[in-house]
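Q: After the structure tokens below, expect a handful of questions from me.
The values are calculated or read from the model by the stated rules, or taken from the named source; none is laboratory data. Treat the numbers as computed from the prediction; the structure is a model and nothing was measured. Cβ placement follows ideal geometry from the backbone for every residue including glycine, while neighbour counts extend to all protein chains displayed. Accessible surface areas use protein heavy atoms only, side chains included; no ligands, DNA or RNA. Shrake-Rupley method; radii C 1.70, N 1.55, O 1.52, S 1.80 Å.
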Amino acid sequence: MKDSVRFSELEKAQKTLSHLRLDYWREEVLYSFQWWFLLISTFVIGYLWWKFVDRSRLRNIVLHGFLTLSIVIFLDGLGSELHLWDYPKMVLPWGSRIICIDIIISLVFMMLYQRFRVWKTYILISLLMALTFAFILEPLAIFMNIYKPYAWKSVYSFPIYFLLSVFIKWLVDTIHRIETREK
């Protein structure tokens, strides 16, 4: 019978992994082309979002973004933990190591939510966005050594991007409808 793993062993392994991540990040990632690319892309898209956001709908748009960001960070962490994928080049050595991409996804989702209010159009645009993320941007991230799939394919990502976009729009719209009805 196999000996059970003790929590103290997990703590020791986590501490070692944390130190290894920091060393790797300092030596291989920090100030690399990919690091700068992720950082600058996030700030540029964030600036564009702020410049063009409909401030009269800011509460719903930001709610949409925070829901998207929360779910995407959870899914990225889960996928990495289950060794489905990882991120060789990350902005931060710990936590959500691909936080810039997660932020970019939520900014794009917010822009789509703001611009396309009618469901029929929103669904079509969400399909195009999911296709773009899954079959253009993910392969680009692989090519740039930002993203490394192990037991994952872009075809799996496509429905997740699409369903996530549709679900969050439905949820935010429902919350808004309830709030408006109660006033």
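Q: Leaving out ligands, DNA and RNA but keeping every protein chain, what accessible area does I61 have, in Å² rounded to the nearest 10, with a 1.4 Å probe?
A: Rounded to the nearest 10, that gives 0 Å².
Q: Sticking with this one: In square angstrom, what is the accessible area per residue of the chain with a 1.4 angstrom probe?
A: Numbers: 11770 Å² over 183 residues.
I get 64 Å² per residue for the chain.
Q: Determine the share of the chain's accessible area contributed by carbon and sulfur atoms, expressed in whole percent, with a 1.4 angstrom probe.
A: Working: 8120 of 11770 Å².
With neighbouring chains kept in place, the figure for the chain is 69 percent.
Q: Once the cut-off is 23 Å, how many percent of the Cα-Cα pairs in segment 1-92 end up in the long-distance tail? List each step's numbers first, then the result.
A: Numbers: 2046 of 4186 pairs.
The calculated P(r) of segment 1-92 puts 49 percent of pairs beyond 23 Å.
Q: Can you give the extra length, in nm with one decimal, that the chain gains between E81 and R55 once fully stretched, where that is 0.36 nm per residue apart less the Cα-Cα distance? Walk me through the numbers before you get to the answer.
A: On the way: separation 26, 0.36 × 26 = 9.36 nm, distance 3.75 nm.
Difference between extended and current length: 5.6 nm.
Q: Quickly work out the S154-to-E182 label distance, labels modelled 7 Å from Cα along the C-beta direction, and quote it in nm with one decimal.
A: Calculated label separation equals 4.3 nm.
Q: In what order, largest first, do I142, I98, I45, I136 sit by accessible area if the probe radius is 1.4 Å?
A: Values: I142 70, I98 5, I45 45, I136 100 Å².
From most exposed to least exposed: I136, I142, I45, I98.
Q: For Y24, Y150, Y161, Y113, write out the residues from largest to smallest accessible area, computed with a 1.4 angstrom probe and no ligands counted.
A: Descending order: Y150, Y24, Y161, Y113.
Q: Follow-up. To the nearest 10 Å², what's W35's accessible area with a 1.4 Å probe?
A: Ignoring ligands and nucleic acids, W35 comes out at about 30 Å².
Q: Which of the DSSP-defined H helices in the chain satisfy a minimum axial length of 27 Å, computed from C-alpha atoms, and a minimum mean Kyte-Doolittle hydropathy of -1.0? List each step's numbers first, then the result.
A: Working: long enough: 33-52 (28 Å, 1.08); 58-81 (34 Å, 1.19); 154-182 (42 Å, 0.51).
Length and hydropathy pass: 33-52, 58-81, 154-182.
Q: Quick check on the chain: helices-only [θ] at 222 nm, where DSSP H runs of length 4 and up contribute -39,500 (n - 2.57) each and the sum goes over total residues. Nearest 500, please. Numbers along the way, then the final one.
A: Values: 7 runs with 128 residues, N = 183.
Theoretical 222 nm ellipticity from helices: -23500 deg cm²/dmol.
Q: Right, another one. Under a 10 Å cutoff between Cα atoms, tell me which one of E28, E11, E81 has the largest fluctuation in the Gaussian network model of the chain.
A: With Cα springs under 10 Å in the chain, the top fluctuation among E28, E11, E81 is at E11.
Q: Find which of V155, S56, L10 sits farthest along the positive direction of the dipole of the chain, computed with +1 on the beta-carbon of Lys and Arg, -1 on that of Asp and Glu, about the Cα centre.
A: Value computed over the given set: S56.
Q: Then there's this: Quick one: the Cα spread of segment 59-120 along its three principal axes, in angstroms, biggest first?
A: 38, 20, 16
Q: Using a cut-off of 9 Å between beta-carbons, work out the net charge of the residues near P149 (Lys and Arg +1, Asp and Glu -1, P149 not included). Could the numbers behind the result be given before it?
A: Working: positive: K148, K153; negative: D86, E138.
Counting the neighbours of P149, the net charge comes to 0.
Q: Relative to the Cα centre, what is the charge dipole magnitude of segment 27-183, using +1 at the beta carbon of each Lys and Arg, -1 at the beta carbon of each Asp and Glu, and rounding to the nearest 20 debye? Please report the intermediate quantities before stating the final value.
A: On the way: 15 positive and 11 negative charges, 164 e Å.
I would put it at about 780 debye.
Q: Okay, next question. Comparing Y156, Y31, Y87, which has the greatest mean-square fluctuation in the GNM of the chain with Cα pairs linked when under 10 Å apart?
A: Y156
Q: Here is a further query. Could you sort K169, K15 by their accessible area in this structure, using a 1.4 Å probe and putting the largest first?
A: The most accessible residue leads, giving K15, K169.
Q: Starting from the exponent 0.38 and prefactor 2.2 Å, build the expected Rg for the chain from its residue count and divide its actual Cα Rg by it. It would help to have the intermediate numbers written out before the result.
A: On the way: Rg = 18.8 Å, N = 183, 2.2 N^0.38 = 15.9 Å.
Compared with the compact-globule rule of thumb, the chain sits at 1.18.
Q: Can you list the lysines whose alpha carbon is less than 22 Å from that of K15, not counting same-chain residues fewer than 8 positions off?
A: Result set, ordered by chain and number: K89.
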